[in-house]
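Beneath this line is the structure, given in structure tokens, with notes to follow.
Read-outs throughout are calculated quantities, based only on the coordinates presented, and are distinct from any laboratory measurement. Keep in mind that what you see is a predicted model, and the values were worked out from it rather than measured. Methodologically, a virtual Cβ is constructed for each residue, glycine included, from the backbone with ideal geometry; neighbour enumeration extends over all protein chains shown.
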Amino acid sequence: MVGNKEHTKAVIVKDLVKKFGDFFANDHLSFEVDRGEIFGFLGANGAGKTTAIKILCGLSHPTSGEVTVAGYDIYKQRDLIKQNIGYMSQKFSLYDDLSIAENIRFYGGIYGLSRKQIKEKTIEYIEKLGLQAFRKSLVKELPLGFKQKLAFSVAIVHNPAIVFLDEPTGGVDPITRRQFWELIYKEAAEGKTIFVTTHYMDEAEYCDRVSIMVDGRIEALDGPKQLKEQFGAKTMEEVFIKLARG
Amino acid sequence: MKNFLIKEFLQIFRDKRTLIILFGIPIVQVLLFGFALKNEMRDVPIAILDQSKDEYSRQLIHKIISSEYFVLQENLDSEKGIEEAFRKGKIKELIVIESNFAEKLEKENRAVVQLILDASNPNEASVISSYTTAILNSFEREINPSFAGVPMIIPETQMRFNPELRSVFMFVPGVITIILMLVSAMMTSISIAREKELGTMEVLLVSPVKPIQIILGKVFPYVIMSFISAIIILLMAFTVFEMPIVGNLVLLLAESLLFIVMALALGIFISTVANSQQTAMLLSMFALLLPSILLSGFIFPIKNMPVILQYVSQIMPPKWFVIIIKNIMIRGNDFGSIWKETLIIFGFTVFFIGLSVKKFKIRLE
């Protein structure tokens, strides 16, 4: 977990614009994410969440605006950013036809971990996630919940400063989701910044701060508690509905 | 990079479908084409109309009938009955020897033998006509060793290198080409599309690995597998069908490698267009495999195609590779005679790589 030692903010976004033709997918976004924060990135489907997260991860170029991730400039220091971020998508992004250890070895190898480190990580993960029974099995044989937790662990195998989670809990039952969030908390407590998109509003309650996007713009950004007060709502769901209806 | 190779090989060996495509299909194809085509053209029923009835014409007829390719179905006396015999499908070929055959040969050095073929199956017809021409040529040499040409109708040059007209000689180059195309282009495009479908491609792109490393890591194992596949086909052609490799083996393998790289580049290009394994598969099958089988001249002679399709066949990479292999394997030619074709395939390779790189960049925007 290195990052640029100078940086105090995990993510700084100023006036980020992403246009597809005449359509503003991201319309002048500006926000900052603190180090060690769990930052919830909320919005309806098509609000521009995925576009923004792709830009932050370097999968897509912005049309204009300034973006700094882990203290590095997204235009000039992309390679340094890549070393310092982890990414997990809704698809879990593991190789189904490889075993747990083989997946860890592959992803660890990509990030330049040594053989010894990979071995340690493998033992650590199998123990931590309770995967002893599946030691030899292929990933496709794992129950969904285990798969998801493994995907998260693999995404942080290189101990990145920031982890981007794009709808990591899609299609997973509530109990498994709760277990997953415990995992997230643990990592945040160790100082990792968690940037997570979701459309489960109950999950928004778990975040330190939440931004809500509507039609390419950020309409609200604050702690869940403050947002509920501000909108006079009992749950984040109500906040969201009020915002979405304009 | 090493990581990629290990992972890719693990996946290949674990996926039975992939293994079947890699090794099962080539073997089955070689056997199928080999045996199916091999026995087809024996005992072809023919009719002969000898208008000359002299010594030469009798010798010629004897030579034709005593070959194992033809069975004399009817000995005609006049042109009557020709139509009927053809219509009933009783005969596949009629050989007409013109009157005063021997006399003309001796005095004018020129006589005509007319071959009339049942062309309802054009392939068959062309094979039969070349069988016949082969016999005519050899007859010509017998009676006139100094080779003062008797012009024949329908000359067929290819068989000079394949005197027995063994079909193996024709299909092995074709099968190698198709298999390399199938394995290289289809398998890479599917395997890259699979990474996209599973979302692992995104993760790879987020990681510090360079796109070019991803592509190379994915492609390299298939180079090796395709190469092994090509060697298996050659071995089978050699052992099962006794097809010799007249030319330089190293040159043949080097050209195969170039073709493999070309096909892989094409596969990468397909995968930049296709987002799912199924699209990749369909694209490879219909946009690539079928045209390359049908238009490469492997099964259907390009000469017989409509003009437009002849032009289309020019942009089919397999066409050029078939020419290369035939030149090396059957004719034993050296690089000097195939540099043009090699250059064309090289051009295709550069073209597809360039196109993929461009596409890849656009995707990132």
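Points to keep in mind about this one:
- Set of segment B:262-300 residues, backbone N closer than 17 Å to the point 7 Å along the Cα-Cβ line of residue B:308: B:291, B:295
- The alpha-carbon positions of segment A:168-246 define a convex hull whose volume is 102 Å³ per residue.
- Neighbour counts of other Cβ atoms within 10 Å put B:203, B:209 in the fewest-to-most order B:209, B:203.
- Of the trypsin sites (Lys or Arg not before Pro) found in segment A:1-84, those that fall in a DSSP loop while having at most 16 other beta-carbon atoms within 10 Å are A:5, A:76.
- Additional length obtainable on full extension of the chain from residue B:13 to residue B:31, 0.36 nm per residue less Cα span: 4.1 nm
- Fraction of beta bridges assigned by DSSP in the protein assembly as shown that are antiparallel (%, nearest 5): 45 percent
- Charged side chains reduced to their Cβ positions (Lys and Arg at +1, Asp and Glu at -1) give chain A a dipole of some 700 debye around its Cα centre.
- q = 0.11 Å⁻¹: log10 I(q)/I(0) that the Debye formula gives for the protein assembly as shown, counting C-alpha atoms only: -1.04
- Per-residue ellipticity at 222 nm, computed for chain A from helices alone with -39500 (n - 2.57) per DSSP H run of at least four residues, works out to -10500 deg cm²/dmol.
- Residue order, fewest to most surrounding Cβ atoms within 10 angstrom, among B:337, B:284: B:337, B:284
- Considering only chain A, percent of DSSP beta bridges that pair antiparallel, nearest 5: 50 percent
- Angle of helix A:144-155 to the longest C-alpha principal axis of chain A, folded into 0 to 90 degrees and rounded to 10: 90°.
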